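Below is one structure, written out as structure tokens; comments come after it.
The values are calculated or read from the model by the stated rules, or taken from the named source; none is laboratory data. Remember, it's a predicted structure, so these values are computed and weren't measured experimentally. Because the Cβ atoms are built from the backbone with ideal geometry, glycine has one as well, and the counts that use them run over all protein chains shown. Calculation scope for accessible area: heavy atoms of the full protein, side chains included, ligands and nucleic acids excluded. Shrake-Rupley method; radii C 1.70, N 1.55, O 1.52, S 1.80 Å.
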Amino acid sequence: GDSGSGSGDGGGSDNLAITFLPKNLGNPYFDTSSSGAKEAIDEFKGTFAEVGPAEATPDAQVSYINTLTQQGVGAIAVSANDPEAICDALNEARDAGVKVVTFDSDTNPDCRDLFINQADAEGIAKVQVDLIADQIGGSGEIAILSASANATNQNAWIDLMETYLASDYPDITLVETVYGDDDDQTSFDKTAALLQTHPDLKGIISPTTVGIAAAARYLSTSEYKGKVALTGLGTPNQLREYVEDGTITAFALWNPADLGYLTAYAAKALIEGDITGAEGDTFDAGKLGEYTVGADGVVLLGDPFEFNADNIADFDF
Amino acid sequence: MTAPAPSPAPVAPVIEKTAVTKRLQAVGAAREFGILLALVIVVIAATVANPNFLFSSDGWRDLLLTPSILVLVAIGQAIVLITRNVDLSVGSILGLSAYLTGRLFIDIPGIPILAVFVAAIVFGGLLGLVNGALVAYAKVPAMVITLGTLYAYRGINVLWTGSDRVNASDLPKDFLALGTGQVLWIPILTIIAIVVLVVIGWIMKNTRGGREFYAIGSDPAAAELYGLRVTRRLLIAFVSSGALAGLAGVLYTARYGTVNSQAGAGWELDAVGAAVIGGVAITGGVGSVWGAAIGGVLLLTINRALPILGIPDFWQRAVVGVLIIGAIVLDRVLAVRQKRKLIAAREDD
Amino acid sequence: MQTDTPQTPAPPMLELSRVVKSFGPVVALRSGSLQLDSGSIHALVGENGAGKSTLVKIVAGLYRRDAGEFRLRGEDVDFTSTAQSKAAGIAVIYQEPTLFPDLTVTENIFMGRQPVNRFGRIDRKAMRREAEELFQRLGVRIDPERPAEGLSIADQQVIEIAKAVSLDARVLIMDEPTAALSGVEVDRLFAVARSLRDEGRALLFISHRFDEIFALCDTVTVMRDGAYVATTPIAETTVDEMVRQMVGRDVTELFPKTEAEIGEPLLEVEGLTRTGVFHDITFSVRSGEIVGLAGLVGAGRSEVARAVFGVDPYESGSVRLGGRTLPRNRPDRAISAGIALVPEDRRKEGLVLESSVARNLSLVIRNQLAKAGIITNGAENRAARVWASRLEVKTNALSTVAGTLSGGNQQKVVLGKWLATEPTVLIIDEPTRGIDVGTKAEVHRLLSELAGKGMGILMISSELPEVLGMADRVLVMREGRITAEIDRSDATSENVMFAATHAAAQTPGAHS
Amino acid sequence: MTTATASTATPVRTYRDYDRPLWQRLLLTREMAIVGLLVIVAVVASVSVRGFGQPITLTYLILDVTPILLIALPMTLIMITGEIDLSVASVVGLSSVLIGVLTQAGAPFELAIVVALVAGAIAGAVNGFLVTVVGLPSLAVTIGTLALYRGLAVGLLGTTAVTDFPEFWTDLAKMKLGGSNVPAVLLLFLVLLVVFVVLLHFTPFGRGIYAIGLSKTAARFSGVHVERTKLVLFVLSGTIAALAGVYYTLRFGSARGDNATGLELQVIAAVVLGGVSVFGGRGAIHGVIAGVLLIGILASALRLANVTSDVINIITGVLLVASVVSNSFLAWLRTKRRAPGGTARAKASAAG
Ligand SMILES: Nc1ncnc2c1ncn2[C@@H]1O[C@H](COP(=O)(O)OP(=O)(O)OP(=O)(O)O)[C@@H](O)[C@H]1O
Ligand SMILES: Nc1ncnc2c1ncn2[C@@H]1O[C@H](COP(=O)(O)OP(=O)(O)OP(=O)(O)O)[C@@H](O)[C@H]1O
Ligand SMILES: [Mg+2]
Ligand SMILES: [Mg+2]
């Protein structure tokens, strides 16, 4: 990495054009985060835009970052498909005066100004392992259905889950991790394969919204419904049906709309020069209140939230 | 030299089938039998490794259900390949039809399921017609045209769908039941695929039109000289491929319940791969839809069997690649042997 | 130029008059006229490029005429596809066989009009029966259920004929159907043609072999340079008269063989064997000598030539040129050693049809034309011009696409591209197949001249007069083996034919 | 055609080299149509798209299209022989992964590059072997190796992406030429461009390539080493794809199994747009370069104009189809203008 870090010049600007660049378009999770971002940007009268590739690859993201640099937007809010591959493009953008905020999936810390972390990795890993352990009674075989094999955040969580399992639940064995590529059909077929490969499987964790929905749909019509537990990260709208029919007991997630909302306010603070991304900076995030920048330029949204049959009716996203 | 009588009385067959011809016909059948055998071996191996692969109700259902949709697309692809063309746009057509299916259910509440089927099939057929018309009238290689429409149709799909998607909860329960339902332990989707396969297989083998596909693929220039209606046949081939992709789109929606703008992306290579593994020659004129269908089943079944046989997820694509290459090398070896025998037969005639 | 055909009360079966067809700048037909009557066999003759095949293709609906009239039974017609002409009762056997290699012989014959039952299901039994009847009528034995792939050219032609006969057409057009057939097969074809005539059909027969025309046809139309010259009843004309009409002058010396001094052996082939194709082939060609390789079609002569040149493999034996053994399967090494092969099928093997005349003429010598590894269009054109003008290829520009030249001119380009390599041994396979009399004499003179300069020539030919007229020594092949070697002075058509057919006398050829 | 009847009597013929004047041969070609379109698109975009006129546009454009440009060179030659190589993008991925794996294992980066290039050459040789020696259609073979090589790449590196590369090399991939905006990789491309232009258009080897594409049999009978030529081209294609893989890895600083997925279709689309016939025998390098740049500039301008990627895909697809269909359409118009049979029929019916 080169001169990435020194772009906090302190001076503010009024270019409140903030463009969101999710991993890919057509992903309901990012649709929700973008709706939150739009709400925030409308509040402070900036310009919201969303661009992105159809498939979640880093090289396609680079082209969009380059274009945004040429257009001279105020800030880019990006969920990285690869921690390193888009770094240089982001640094060039920053050299051209564009602020860079990552959200949901981070890059290396030296190629962005801020990272808005939806929940810290330990918390996410812990809540899912606790949920599955509770549902299968603390022992047996489980498997993980992840997104793509290269997804930074998923891999970090899976590592932590393994550590946490080993230390706190020695009776649970993680028999396999499979990858559904955040593709509905692949995740669906992978679930089917998992269940057959491991006849004694008692539970599946799917730390991705696409994966858990596909797995739930498979389970709900199969003989394993009710026998194999499923939990992970999902959105209430996608999973409401399966919580109601008993396929899923409980799952977790933060509110992606809040994530987008907070990201937009952080970008605004950067553009206006209120903060530089240094540890200890504080900024105002509208209805969410005030936030403080932590170490490495990370802002933490909060703890993940647990959804179950009792509370799911209260949410709509 | 006397002139033979103008119309000789019907005579008993005088020309015996040569041994070579008999053997050739046996080899032709053996080609499909060979893949079937490979399929059986894979299933047995996976079942031995894990009895659930076959002997659980889900295992049995998935064995039949998973390949059913690809089989439909592969049948269409086989028709096109037999005419010495290729249809790379099937994945995009499938995606568009799948989304259309979802939209119809959402926008026209209470629409009869049959009407949706018809609409998607007609829609797929129309997209195929565009391909066919460009190939047949503009005389441009199908590879280029369908590569273009692969992009264009997918683009239209993304434009139309945006970041929207069809969710299982938007679809009628009856319709979703088609995707998982069974009649006498056989999934409905599989029954549909088999019916289509039997009908098209019969047409390709036993009707004039069917044989013309083979003639055109065997030598397009000769077909033109001969006075076959090449243009019309090509249109029919592409429309069939499109319509089958359309039908596959409906079934995709029924099975997976969720449709976004990327549904069916990359299926073109699976479809071509299935047909090629099944003995349909990319150079036209050879193969059968039966082979393509079995090829499709083999491809997806291997995909599911690998993890059970202990081969990690990541190596699946590599195995599929080896499989495709193995299949075409095998075909080639058989063809060379056949040719040598034919020439030898001419010698001892 | 006017039509002096007799007026018949009933309209003629098929009538073309003053038909014009051009391809871009090339005028293939300036004024083509032709009249076919029922119950008669009509011959169409003319030099290469006279426009015969073009006329046929217009009748077939493959090309559309630019101007002129075309009537069928007195009605104006304008076919836009071959399907239409077929529906109108016209069957055509094209110059090049057009079979579907992957399909069976039977399917090839009945494609598009197979017998079907009520449900549209093809009745394979009935189809096979009909095919067998056809073959019996034509007196051939081909397994109706083998694929067309791998059939010899003669067999392919037989199937084309079977196809046309089975069509039950009112008009049957045959564009050089006999070019690849042996004597027995020609006789059989003629018998069928006569019986079709007696059934009241109209036949058109195109050939460069005058003996066949006189043996078969009732009337003859001569064309020259894309235009109609004359139509005469066959009884009222002679070969000389026809040749004069075709060429516009008298052609006297058909085979101007001049004696050359015969020197050292150049090409020595020993024990060449390829299982199932040829066995133990041993011969040599000396400098200044023309060696004729005779035999029936299918005897394996072309295969020997191709193996010697290196495009086909062989299993054992050796090929030596000037004492040095040539490697197998390396045409490039054969070329650099000094062998040239003018192949049998000029459209497939001889020419890059879609490439220009210049590129074709310079293709083999491209390495010599390159300076420091770099080749330019200029160098190619200079080299090509030399050979185009030496052989008098009829074309406007060197950039003309070779495929648009007539058959004879294409053959000249093939010859030119090989002579440009200045070979020491020239292997020439059917040098005059499908070539008109005028050009034929030129080719023969050229071969004589080359031999005179010390070149060794191996000439494969199915035309006995050509072999007897040109060769210093005649090798005869039968079923993949050399059965006789006859010196020029001893060679007669009888002993050559005997060696070529000897054991073949009791093969299924004879009519029972 | 003049009436040169008796060939012996007439004087020796004269031949023009070409039947069309020079300017027609140069300008009225498929390639020049694409070049023209490229110029028009570039001009229109600089005038009407805000931000397109900046020098940085050129930098990004070159960085973006370089892998496609590189791979398009050997692809052009392969497609002129009538074959195709669909496995190139997978070779890019495989080469990228090999570099990653080796660097991770502590091998010197230079060695990793060499190994990647050799692996690319071997991958190409496998394609070439199956096509030329075994005699299989290249479309089928490379669909198979597309899956195989990608499978090897994904299998080797699994879930991880290697991102730690020597700075010297990553900087080199993005270095600009002495203060200008032109990336230095352009030099690499230009060198290869010269090599390939000479190879295709000015050597006997190149003449052989065209002959093979138009008629394999005739080429073989003319002493062209058909199999060896194709094998050489497949090896070249594999090697250059691996080189593109090295560039890809360095530019993004990331070695991943899924790098450059789908790039093969972009390359082929550009090559075909540039006037190379999929049937073989036709095409020229300048057309291909124009084809690649045309797609690149269109995408860049449209992205700047906030047009989404789907519309860009539609335009690419339609352009591809239109460019090949226009040929047939023009030919059809020409025949239509000359009005065949039609006039004859009118006259005939008037005559009664
Ligand atoms: N498709 C075409 N494009 C351009 N020119 C053509 C085409 N077909 C034929 N010609 C030209 O038309 C003329 C007549 O050709 P045609 O094939 O009719 O001759 P032919 O009498 O059949 O000769 P041959 O005896 O050699 O078969 C020739 O000069 C030929 O070059
Ligand atoms: N169309 C063909 N396809 C494949 N092989 C053929 C074909 N025609 C001939 N052969 C092979 O060539 C052998 C000899 O046939 P060919 O006709 O070449 O002999 P020939 O003596 O050169 O006769 P001619 O050159 O007069 O036709 C056959 O036995 C066969 O093996
Ligand atoms: Mg002719
Ligand atoms: Mg021969």
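P(r) tail, chain C: Cα-Cα pairs separated by more than 39 Å, 28% of all pairs.
Interface size, chains B and A: roughly 2500 Å² of accessible area buried, both sides included, 1.4 Å probe, rounded to the nearest 100. Restricting the calculation to Cα atoms, the stretch C:347-422 yields a radius of gyration followed by a Dmax of 11.3, 36 Å.
Which whole DSSP H helices in chain B pass both tests: a Cα extent of 30 Å or more along the axis and a mean Kyte-Doolittle value no lower than 0.5?
Helices passing the filter in chain B: B:19-49, B:57-82, B:113-138, B:230-256, B:316-347.
By accessible area, using a 1.4 Å probe on protein heavy atoms only, the protein assembly as shown has 58% of its surface on carbon and sulfur. Heavy-atom accessible surface of D:T217, to the nearest 10 Å², is about 60 Å², with a 1.4 Å probe and all protein chains retained.
Within the full protein context, the accessible area of D:F202 is estimated at about 90 Å² for a probe radius of 1.4 Å. May I ask you to derive the FRET efficiency for B:R340 and C:E270 from their Cβ-Cβ distance with R0 = 45 Å, giving the value to the nearest 0.05? So, using R0 = 45 Å, E works out to roughly 0.95.
Using a probe of 1.4 angstrom and keeping all protein chains present, the accessible surface of chain C works out to 37 square angstrom per residue. Within the stretch D:55-94, the residues that become at least 30 Å² less accessible when every protein chain is included than when their own chain is isolated (1.4 Å probe; DNA, RNA and ligands ignored) are D:Y60.
In this simple spin-label model, placing a label point 7 Å from the Cα along the Cα-to-Cβ direction at both A:E43 and A:K227 gives a separation of 4.9 nm.
For the stretch B:233-258, a decrease in accessible area of 10 Å² or greater in the assembled protein chains relative to the isolated chain, with a 1.4 Å probe, applies to B:Y252, B:R255, B:Y256, B:T258. The residues of chain D expose on average 39 square angstrom of accessible surface per residue, using a 1.4 Å probe on protein heavy atoms.
Both the radius of gyration and Dmax for chain B are 22.2, 83 Å, in that order, over alpha-carbon atoms.
Just to confirm the filter: which GluC sites (Glu not before Pro) across the stretch C:268-308 are DSSP coil and have at most 14 other Cβ within 10 angstrom of their Cβ? Write out the running numbers ahead of the final one.
On the way: sites: C:E268, C:E270, C:E289, C:E303; in loops: C:E289.
Loop-located and lightly packed - none at all.
Per-residue ellipticity at 222 nm from helix content only, as computed over chain D with -39500 (n - 2.57) for each DSSP H run of at least four residues, stands at -23500 deg cm²/dmol. Considering only B:Q262, D:L130, A:A125, the residue lying farthest towards the positive end of the dipole of the protein assembly as shown is D:L130, judged by Cα position with unit charges set on Cβ.
Could you state, as a whole-number percent, how many of the C-alpha pairs of the protein assembly as shown are farther apart than 49 Å? The calculated P(r) of the protein assembly as shown puts 43 percent of pairs beyond 49 Å. Placing unit charges on the Cβ atoms only, positive for Lys and Arg and negative for Asp and Glu, gives the protein assembly as shown a dipole magnitude near 6680 debye about its Cα centre. Think of chain D as having a plus end and a minus end, set by charges on the Cβ of Lys, Arg, Asp and Glu; of D:T249, D:I268, D:G120, D:I268 sits farthest toward the positive end of this dipole. Share of pairwise Cα-Cα distances greater than 22 Å in the stretch C:116-197 is 28 percent (whole percent).
Overall, the anisotropy analysis places chain A in the prolate class: the square-rooted eigenvalues a ≥ b ≥ c of its C-alpha gyration tensor yield a/c not less than 1.5, with a/b exceeding b/c. Using the alpha-carbon atoms, what tilt in degrees (0 to 90, nearest 10) does helix C:124-138 show relative to the longest principal axis of chain C? So the helix axis and the longest Cα principal axis differ by about 70 degrees.
Buried between B and D is an accessible area of approximately 3300 Å², summed over both sides with a 1.4 Å probe. I need the shape label for the stretch C:52-117. Rule: rounded when a/c is under 1.5, else prolate if a/b > b/c, else oblate, with a, b, c from the alpha carbon gyration tensor. Oblate. Using Cα centres only, tell me the gap between the stretch C:263-305 and the stretch C:187-236 in whole Å. So the separation of the two Cα centres works out to 36 Å. Local charge for C:V319 was computed over the other residues whose Cβ lies under 9 Å away, with Lys and Arg +1 and Asp and Glu -1, and equals 0. Taking both sides together, the accessible area buried where D meets C is about 4500 Å² for a 1.4 Å probe. With a cut-off of 15 Å between beta carbons, the residues surrounding B:Q182 carry a summed charge of -2, where Lys and Arg count +1 and Asp and Glu -1. Taking a sphere under 12 Å around the Cβ of B:L298 and counting the other residues whose Cβ falls inside, with K and R at +1 and D and E at -1, yields a net charge of -1.
The value of relative contact order for the stretch C:79-162, using C-alpha pairs under 8 Å at least six residues apart, is 39 percent. For the pair the stretch D:268-327 and the stretch C:317-383, the centres of their Cα atoms are 37 angstrom apart. Name the shape class, rounded, prolate or oblate, that the alpha-carbon gyration tensor gives for the stretch D:29-328, where a ≥ b ≥ c are the square roots of its eigenvalues, rounded holds for a/c under 1.5, and otherwise prolate holds if a/b is larger than b/c and oblate otherwise. Since a/c reaches 1.5 but b/c is at least a/b, the shape of the stretch D:29-328 is classed as oblate. Contact residues in the stretch D:157-173 by the 50 Å² criterion (accessible area, 1.4 Å probe, full protein complex versus chain alone): D:T159.
Note on C:D76/C:R244: beta-carbon distance plugged into 1/(1 + (r/R0)^6) with R0 of 41 Å gives a FRET efficiency of 0.75.
The angle between the Cα long axis of helix C:437-452 and the main principal axis of chain C comes to about 10°, on a 0 to 90 degree scale. Taking a point 7 Å from the Cα of D:R20 along the Cα-to-Cβ direction, the residues of the stretch C:393-407 with backbone N closer than 20 Å to it are C:395-405. The Rg/Rh ratio for the stretch D:1-132, using Cα coordinates for both the radius of gyration and the Kirkwood hydrodynamic radius, is 1.22.
Taking a probe of 1.4 Å, how large is the accessible area per residue of chain B, in Å²? Walk me through the numbers on the way to the answer.
Working: 12850 Å² over 349 residues.
Per-residue value: 37 Å².
Spin-label model, D:V191 to C:I262: label points 7 Å out along the Cα-to-beta-carbon direction sit 6.2 nm apart.
With both labels modelled 7 Å from their Cα along Cα-to-Cβ, the D:S48 to C:D218 distance reads 7.1 nm.
Two decimals, Cα atoms only, Kirkwood Rh: what is Rg/Rh over the stretch C:100-150? Please report the intermediate quantities before stating the final value.
Numbers: Rg = 11.1 Å, Rh = 11.3 Å.
That ratio is 0.99, to two decimals.
The Cα center of the stretch A:207-257 and the Cα center of the stretch C:436-486 differ in position by 86 Å.
Among C:I122, C:I486, C:L369, which residue has its Cα furthest toward the positive end of the charge dipole of chain C, with +1 on Lys/Arg Cβ and -1 on Asp/Glu Cβ? Towards the positive end, the residue furthest out is C:L369.
For chain D, the membrane-span-like helices by this rule, meaning whole DSSP H stretches whose C-alpha atoms cover at least 20 Å of axis and whose Kyte-Doolittle mean is 0.0 or above, are D:30-48, D:55-80, D:88-104, D:109-128, D:138-157, D:185-201, D:226-252, D:285-304, D:309-337; this says nothing about an actual membrane.
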